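The values are calculated or read from the model by the stated rules, or taken from the named source; none is laboratory data. The structure presented is a predicted model; accordingly, all values stated were derived computationally and were not measured. With ideal geometry, Cβ positions are generated from the backbone for all residues, glycine too; neighbour counts draw on all protein chains shown. With ligands, DNA and RNA removed, areas are computed over all heavy atoms of the protein, side chains included. Shrake-Rupley method; radii C 1.70, N 1.55, O 1.52, S 1.80 Å.
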Amino acid sequence: MNALVNLLPHLVNGISLGLLFALIALGFMLIIGVMETINLAHGSLFALGMYAALFVAAPKFGWAPEWQVAYLALPIGTRYAIALFAAPVIVGVLGLLLELCLRRTYGRDPLYGLLLTFGAALVIEEGIRIVWGSNEQQLPLPAAISGAFMVGDLIYSKYRVFASLFAIVSIVGLWAFLEKTPYGAIIKAGAHDSEMVRALGINLGRLRAAVFALGVALAALAGVVMAPIWGIRPQVGVDAVVPAFLIIVLGGVGSLWGAVVAGLLVGLVVGFTGAFASEWSLMSMYLLFIAVVTFRARGLFGKKSVLDT
Amino acid sequence: MNDLHPDHAAAEASSAPASPVRRRLLTATAAGAAGVAGFFGPWTHHRVWAQAAQAKPLVIGLTMDASGQYAASGGEERLGAMMAIKEFNDKGGVLGRRIEAMHMDTETTPATGSRVAERMITRNEAAFLIGAVHSGVANAISQVAQKYGTIFMNTNSSSPTESGKDCHRVKFVWDGNGSNFANAIVKNAMKSSGKNWVLLTNDYVWGHNTAKATRSIIEGNGGKVVEELLVPQNTRDFSSYLLKLQQLKPNVVATAVGGDDIKALRQQVVQLGLQKNMAWINNQQDWPDVYGLGPDAIFGVFGTTWYYRLDLPGVKEFVASYQKLFPGMAIRVPGNVFHNGYMATRELLRCVEEAGTTNNLAIIKKLEGRKMSARDRLQHHDAWIDPASHQCQQTIYMASYNDSPAEKDDIFKILASVEPKDVVDGDAPKNCKLESYEATPSYQT
């Protein structure tokens, strides 16, 4: 009984971690599932989301100082809420520019798209260093979601609870968008049969651009949410893109719920090994991946596209 | 027997002198072998560069991280080396030769460190190598350096093994190591905070050996290590570790975690408020790893080898030089990592001047046993290089967060300075087996 009581906090922690991993993988899943493009710039866009949020929540620029002073006079809660929604939009717009560059690679060897997004990842990371420098930065948080609370004699982070709930809302929101809205239906149709969608008069180019921008915005959103946990550094994107790739393949390329379940599994495995076999905590997700893919190469819920979420 | 008899012909053939063609071939082969032989054999490997007689620039290879876990510290130590090099170049270089620094990113990865060192020595003609924060990288570089006899100034790695079992004749270690810091901090922490300890250890050579040194002091003074949790490098999420710590309820947590990992750990400890529930000791806290984190995150007691506000002659001028040479840097004042990079480079170049030659063995002999005054080192106590282990024995400072800062960057409060003789790593000389001078390839550039 005592052992079970000791395990419970780690179970809860693992689920929380898993939800965050799933959130990180969402944007990556959307782009690869709909456009069949591996966006290696996902990690850098995740990092860019953090910096965009920092810029919105705590701007420091030399021009228009009176506007800056007035804006900074707003409560941090308001500025954080603005950052949470504005940062993904800003980065999503930049995603449109990246998609413009990617158009020439459609229909060609997938290696071209891979190389282009890899190059974009390097450019974005160096761009971050030039603009913001290499040092660690902090995203200010409102008091309501900062600090800790006790459950029994254990302390939990309020922010982690907020982040986990936000991840659930984001996942459900994306599912609802894809399943319950006409736009989602068009996206799914485009993934399934792009020629038919074009024949029905829908602009395929705009559809792809919109999906890519949405995927990039989701990457940035994950960055904003993870910023207070992982810290803001130019190279933090590497810590996101590798687990995202692993989760997508583990869950089944193109499957939303596959990504969610895979994320939860990875979170649980990393959480438990961190507590009880800590030297294996980073390796554990790769061992899980090998174990699953060896017996089920398409992943847990392997589907061709996001058509069957 | 007539001349045409077969036996006579055979006898004639066996005693006949070698033909001219064969003679030329044999002579050429012998000459070639003699020439090539000079380049083989590990015992006396002479490299005399063709342009040594001219004022060829002296190339120094900076084997420092620009990416990975220790990228921030790698950047800082590079600035330190560059400042020392500039000071010499402003005075005309060394031995009449301008110094050129060449930097390659060692990526906080031992394999890359090996490759970079090999390339710098064999292709770029680097006379000396300077750098390394990660002890695994330092060890890899030093093996390559020893193979060629290239002097390697290991600026900032802190595993006790670097001056212990992994020491080399060509390697000189300029930072305090895990044993030095543990000797300075752990005993006092046991008296003030308690005897039940948990170790949080980065899962590589520096973490392991620092934890080993810490554990031996704890257990030697009646304390208990309740558990040791290994932290793989590049860990970002410490939630499971922190939950485990809460369940274990130690008096003290001793961390041997560095680089980006310690930044993430500190932030996540603060989010839970755990810095108030138990005492925290960080064996060694490098300046780039805490600068900009915010006051709450600089909790606990930690070790360092230098601070920019030490009340000592020369410190203000040193800081001013940094700010003049590197204006607009995100880290506005130098720290221990920069200090080590600068001091190692400066002493190397001074030894080259004093030796009057770039011959590696002559310079090594200048470095071994070298004494450096406290004033020269900008520290409280004199320092020296232990000839048995090649580690710089220097002042160790214990510090904590400064809650009454004189200025924005004044984030450390120096609690005590400890003389080097009081924190010597006693095991290093026993474990260190330096290669003989004869076994070390000699060269001159």
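Residues in the range A:245-266: is at least one in contact with a Phe, Trp or Tyr (Cβ under 8 Å, 6 or more places away or on another chain) and within 14 Å of chain B (Cβ to nearest Cβ)?
Within the range A:245-266 (the criterion being in contact with a Phe, Trp or Tyr (Cβ under 8 Å, 6 or more places away or on another chain) and within 14 Å of chain B (Cβ to nearest Cβ)), the answer is yes, since at least one residue qualifies.
Restricting to the range B:274-318, what's the tally of residues that are within 14 Å of chain A (Cβ to nearest Cβ), out of contact with any Phe, Trp or Tyr (no Cβ under 9 Å at 6 or more places or on another chain) and farther than 25 Å from A:ASP239 by Cα?
So the answer is 2.
Answer yes if at least one residue in the range B:228-248 is part of a helix (DSSP H, G or I), away from chain A (no Cβ under 14 Å), open to solvent by 10 Å² or more (accessible area, probe 1.4 Å) and not β-branched (Val, Ile, Thr), and no otherwise.
no
Among B:VAL225, B:VAL173, which is surrounded by fewer than 21 Cβ atoms within 10 Å (Cβ to Cβ) and at pLDDT 95 or above?
B:VAL225 is the lone residue from the list that is surrounded by fewer than 21 Cβ atoms within 10 Å (Cβ to Cβ) and at pLDDT 95 or above.
Can you tell me which residue among A:GLY237, A:GLY201, A:GLY215, A:GLY173 is more than 10 Å from every other protein chain (Cβ to nearest Cβ), open to solvent by 10 Å² or more (accessible area, probe 1.4 Å), part of a helix (DSSP H, G or I) and over 23 Å from B:LYS276 (Cα atoms)?
Unique residue meeting the criteria: A:GLY173.
Considering only residues that are assigned to a loop (DSSP other than H, G, I, E, B) and surrounded by fewer than 21 Cβ atoms within 10 Å (Cβ to Cβ), which ones fall in the range B:294-308?
Within the range B:294-308, B:GLY294, B:PHE299 qualify.
For the range B:188-207: of the residues being among the β-branched types (Val, Ile, Thr) and open to solvent by less than 20 Å² (accessible area, probe 1.4 Å), which is farthest from the other protein chains (Cβ to nearest Cβ)?
B:VAL198
What number goes with the only condition from (1) more than 10 Å from chain B (Cβ to nearest Cβ); (2) assigned to a helix (DSSP H, G or I) that A:ARG160 does not pass?
Single failed check for A:ARG160: (1).
Where residues in the range B:208-221 are open to solvent by less than 50 Å² (accessible area, probe 1.4 Å) and either farther than 11 Å from B:ALA254 by Cα or not in a helix (DSSP H, G or I) (or both), which of them is nearest to the other protein chains (Cβ to nearest Cβ)?
B:ASN209
Within the range B:345-359, restricting attention to residues that are in contact with a strand residue (DSSP E or B) (Cβ under 9 Å, 6 or more places away or on another chain) and over 15 Å from B:THR150 (Cα atoms), which residue is surrounded by the most Cβ atoms within 10 Å (Cβ to Cβ)?
B:GLU347
Please determine, by comparing only the residues of the range B:78-111 that are more than 14 Å from every other protein chain (Cβ to nearest Cβ) and among the charged types (D, E, K, R), which one is surrounded by the most Cβ atoms within 10 Å (Cβ to Cβ).
B:ARG97
Out of (1) open to solvent by 20 Å² or more (accessible area, probe 1.4 Å); (2) in contact with a Leu (Cβ under 6 Å, 6 or more places away or on another chain); (3) away from chain B (no Cβ under 14 Å), the odd one out for A:VAL269 is which?
Only one criterion is unmet by A:VAL269, namely (3).
Mind checking which residues of the range A:11-23 are within 10 Å of chain B (Cβ to nearest Cβ) and either open to solvent by less than 70 Å² (accessible area, probe 1.4 Å) or not β-branched (Val, Ile, Thr) (or both)?
Hits for the range A:11-23 are A:ASN13, A:GLY14, A:SER16, A:LEU17, A:LEU20, A:PHE21.
Being aliphatic (A, V, I, L, M), within 13 Å of another protein chain (Cβ to nearest Cβ), without any contact (Cβ under 8 Å) to a residue 24 or more places away in the chain and surrounded by fewer than 23 Cβ atoms within 10 Å (Cβ to Cβ) is the requirement here; does A:LEU8 meet it?
yes
Among the residues of the range B:251-273 satisfying the criterion of being at the interface with another protein chain (Cβ under 10 Å from one of its Cβ atoms) and touching an Asp or Glu at 6+ places or on another chain (Cβ under 6 Å), which is farthest from A:ALA148 (Cα to Cα)?
The qualifying residue farthest from A:ALA148 (Cα to Cα) is B:LYS263.
Report yes if some residue within the range A:104-112 is open to solvent by less than 50 Å² (accessible area, probe 1.4 Å), in a helix (DSSP H, G or I), of a type in the set (Lys, Arg) and away from chain B (no Cβ under 14 Å); otherwise report no.
No, every residue in the range A:104-112 fails to be open to solvent by less than 50 Å² (accessible area, probe 1.4 Å), in a helix (DSSP H, G or I), of a type in the set (Lys, Arg) and away from chain B (no Cβ under 14 Å).
Exactly one condition in (1) in contact with a strand residue (DSSP E or B) (Cβ under 7 Å, 6 or more places away or on another chain); (2) surrounded by 24 or more Cβ atoms within 10 Å (Cβ to Cβ) is not met by A:LEU54; state its number.
If we test A:LEU54 against (1) in contact with a strand residue (DSSP E or B) (Cβ under 7 Å, 6 or more places away or on another chain); (2) surrounded by 24 or more Cβ atoms within 10 Å (Cβ to Cβ), just (2) comes out false.
How do the strands (runs of 3 or more DSSP E) wholly within the range B:360-445 filter down when requiring 3 or more residues that are open to solvent by 40 Å² or more (accessible area, probe 1.4 Å): which remain?
Fully inside the range B:360-445 and qualifying: B:412-418.
Within the range A:150-160, identify whether any single residue is modelled with pLDDT under 90, loosely packed, with under 13 Cβ neighbours inside 10 Å and of a type in the set (Gly, Ala, Ser), and answer yes or no.
Yes, that holds for at least one residue.
Scan the range B:309-322 and give yes if some residue there is at negative phi, modelled with pLDDT under 95 and not in a helix (DSSP H, G or I), otherwise no.
Scanning the range B:309-322, I find no residue that is at negative phi, modelled with pLDDT under 95 and not in a helix (DSSP H, G or I), so the answer is no.
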